[in-house]
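Only one structure is covered here, and it is reproduced in the block below.
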Amino acid sequence: MKELLFNDWESVWHVAVCAVLAYFILFLFIRISGKRTLAKLTAFDFVVTVTLGSTLSSMILAKVTLAEGAVALVVIISLQYLLAWSARESKTLEKVINSSPTMVFYRGEFLEDAMKKEVLTHEEIYAEIRKFRMLDVDQVEAVVMELNGELTVIRKSAGVSHTSLEDIEKA
């Protein structure tokens with residue numbers, strides 16, 4: 001039972017040093033990799049975040065050496081960059097990697113098939129409309145579930161010639 005709580009000061013010191021070094025290595029790599037690493041999470045970004053956390057944990061707990069962990073972090077962040085760049089260059093890859101936004105409410109009507117697909121209730125859509133401080137639902141042009149799972153409420157607007165809804169299929 002004693003080993004469960006405390007082994008020795010050397011192992012405590014080792015974890016502390018590894019935690020500090022791993023933290024700064026990860027911080028450096030995230031700064032180098034850019035803002036996408038810190039963006040709101042899509043499924044793709046979530047996988048990267050979990051993998052980075054797992055690798056960092058392994059580094060801190062000395063399951064891998066700091067050098068091995070640093071290499072793993074570089075590989076993970078490089079793959080994220082490569083896939084993000086590929087998605088930018090290829091519409092097909094972009095759909096595979098990022099899925100696509102889903103319209104769940106349009107001009108006063110709930111799009112039931114889309115809501116079923118995204119597992120959303122009317123109450124959740126109403127709640128999101130309220131978050132946007134809108135009382136009159138008739139003033140809502142659309143509600144869209146974005147790539148990262150957030151709902152966006154779009155207010156009706158007169159005389160719009162180029163809309164942000166053009167890339168979203170109405171179910």
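In the list Leu93, Leu82, Leu147, which residue meets the criterion of being within 30 Å of Leu26 (Cα to Cα) and either in contact (Cβ under 8 Å) with a residue 24 or more places away in the chain or in contact with a Cys (Cβ under 8 Å, 6 or more places away or on another chain) (or both)?
Values: Leu93 fails: either in contact (Cβ under 8 Å) with a residue 24 or more places away in the chain or in contact with a Cys (Cβ under 8 Å, 6 or more places away or on another chain) (or both); Leu82 fails: either in contact (Cβ under 8 Å) with a residue 24 or more places away in the chain or in contact with a Cys (Cβ under 8 Å, 6 or more places away or on another chain) (or both).
None of the others qualify; the one that does is Leu147.
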For the range 37-50, indicate whether the set of residues that are at pLDDT 85 or above and either touching a strand residue (DSSP E or B) at 6+ places or on another chain (Cβ under 6 Å) or surrounded by 15 or more Cβ atoms within 10 Å (Cβ to Cβ) (or both) is non-empty.
-> no
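Determine, yes or no, whether Ala70 is in contact (Cβ under 8 Å) with a residue 40 or more places away in the chain, under 21 Å from Arg31 (Cβ atoms) and open to solvent by less than 30 Å² (accessible area, probe 1.4 Å). So that I can check it myself, show each step before the final result.
Working: in contact (Cβ under 8 Å) with a residue 40 or more places away in the chain: yes; under 21 Å from Arg31 (Cβ atoms): yes; open to solvent by less than 30 Å² (accessible area, probe 1.4 Å): yes.
So Ala70 fits the description; yes.
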Output for Cβ contacts, cut-off 9 Å, separation at least six or different chains, first residue over 14 Å from Val75 (Cβ atoms) in the range 49-62, second among the charged types (D, E, K, R) and open to solvent by 50 Å² or more (accessible area, probe 1.4 Å), reads Ser57/Lys63
Selection from the range 7-19 of residues open to solvent by 80 Å² or more (accessible area, probe 1.4 Å), of a type outside the set (Phe, Trp, Tyr) and part of a helix (DSSP H, G or I) yields Glu10, His14
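With the condition kept exactly as written, say whether any residue in the range 76-87 is hydroxyl-bearing (Ser, Thr, Tyr), modelled with pLDDT of 85 or more, in contact with a helix residue (DSSP H, G or I) (Cβ under 9 Å, 6 or more places away or on another chain) and within 30 Å of Ala62 (Cα to Cα).
Checked the range 76-87: at least one residue is hydroxyl-bearing (Ser, Thr, Tyr), modelled with pLDDT of 85 or more, in contact with a helix residue (DSSP H, G or I) (Cβ under 9 Å, 6 or more places away or on another chain) and within 30 Å of Ala62 (Cα to Cα).
The values are calculated or read from the model by the stated rules, or taken from the named source; none is laboratory data. These numbers come from a predicted model, not from an experiment. When we count neighbours, we look across all protein chains shown, and the Cβ atoms used for this are built from the backbone with ideal geometry, even at glycine. To get the accessible areas, we keep the full protein, side chains included, count just its heavy atoms, and leave off ligands, DNA and RNA. Shrake-Rupley method; radii C 1.70, N 1.55, O 1.52, S 1.80 Å.
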